[in-house]
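A quick write-up on the structure given underneath.
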Amino acid sequence: DAAYEAALDFPKWTAIFPDIKQVIITKRHGDDARVTFIHVDGNKDNVHFHNTPAARMIWFEDTGGRAEVWAEIVFVPGEKTGTTRVHSRVYANVHGMTGLFVSDDKVKALRTQRVRSELHDIQAYFATH
């Protein structure tokens with residue numbers, strides 16, 4: 001529950017994820033949110049979240065790119081008390097001319113790598129808090 005709640009606390013992401021410099025919540029209604037993450041390198045990610053608390057699932061889509069990209073991340077109790085297992089599923093579909101240069105599989109691989117890195121950041125955050 002603690003890991004899931006921390007992941008829902010978008011302003012806290014600057015402490016959890018070292019590459020995020022600023023979080024701007026542009027809209028929040030119930031379990032839906034529109035959030036802009038500004039990274040230390042200046043890149044921005046515009047993300048739409050639709051979360052399912054009963055399943056401890058975060059679902060999000062990137063709304064600012066040239067590809068349809070979404071992911072589900074589910075937080076479930078681990079085998080030992082006080083631990084959490086995290087499962088993720090990533091989807092990518094590149095549209096238009098961009099698809100001639102970048103494949104769906106390449107975008108999915110990049111997003112999967114990023115999710116792995118971010119899950120490592122969550123683990124490191126909880127190791128020190």
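The values are calculated or read from the model by the stated rules, or taken from the named source; none is laboratory data. Since this is a predicted model, take the numbers as computed values, not measurements. Methodologically, a virtual Cβ is constructed for each residue, glycine included, from the backbone with ideal geometry; neighbour enumeration extends over all protein chains shown. To get the accessible areas, we keep the full protein, side chains included, count just its heavy atoms, and leave off ligands, DNA and RNA. Shrake-Rupley method; radii C 1.70, N 1.55, O 1.52, S 1.80 Å.
Heavy-atom surface analysis with a 1.4 Å probe gives the chain a carbon and sulfur content of 52 percent of its accessible area.
Loop sites by DSSP among the trypsin sites (Lys or Arg not before Pro) of the chain, restricted to those with at most 16 other Cβ atoms within 10 angstrom, leave 1-65 as the longest stretch without any of them. Among the protein heavy atoms, those of residue 25 account for about 60 Å² of accessible surface (1.4 Å probe, every chain in place). Listed values for the range 41-50 are Karplus-derived 3J(HN,Hα) couplings in whole Hz (6.51 cos²θ - 1.76 cosθ + 1.60, θ = phi - 60°), namely 7, x, 5, 10, 10, 9, 10, 9, 9, 9, and x replaces Gly and Pro.
Can you tell me the dipole magnitude for the range 1-59 around its Cα centre, using point charges on the Cβ only (Lys, Arg +1; Asp, Glu -1), in Debye to the nearest 20?
Here the size comes out at about 180 debye.
Here's the picture: charge each Lys and Arg Cβ at +1 and each Asp and Glu Cβ at -1 in the chain, and of 83, 3, 43 the one pushed furthest to the positive end of that dipole is 43.
Per-residue ellipticity at 222 nm from helix content only, as computed over the chain with -39500 (n - 2.57) for each DSSP H run of at least four residues, stands at -9000 deg cm²/dmol.
How many percent of the alpha carbon pairs in the range 12-61 exceed a separation of 13 Å?
Tail of the P(r) past 13 Å holds 60 percent of the pairs.
Accessible area per residue of the chain at 1.4 Å probe, in Å²?
63
Between residue 106 and residue 46, the simple label model (points 7 Å from Cα in the Cβ direction) yields a spacing of 2.4 nm.
Couplings for the range 70-80, taken from phi via the Karplus curve 6.51 cos²θ - 1.76 cosθ + 1.60 with θ = phi - 60°, read 9, 8, 10, 10, 10, 9, 10, x, x, 5, 9 Hz in order; Gly and Pro are left as x. In the assembled protein chains, residue 87 presents an accessible area of approximately 90 Å² (probe radius 1.4 Å). Once the C-beta distance of residue 55 and residue 113 is scaled by a Förster radius of 25 Å, the resulting FRET efficiency is 0.50 to the nearest 0.05.
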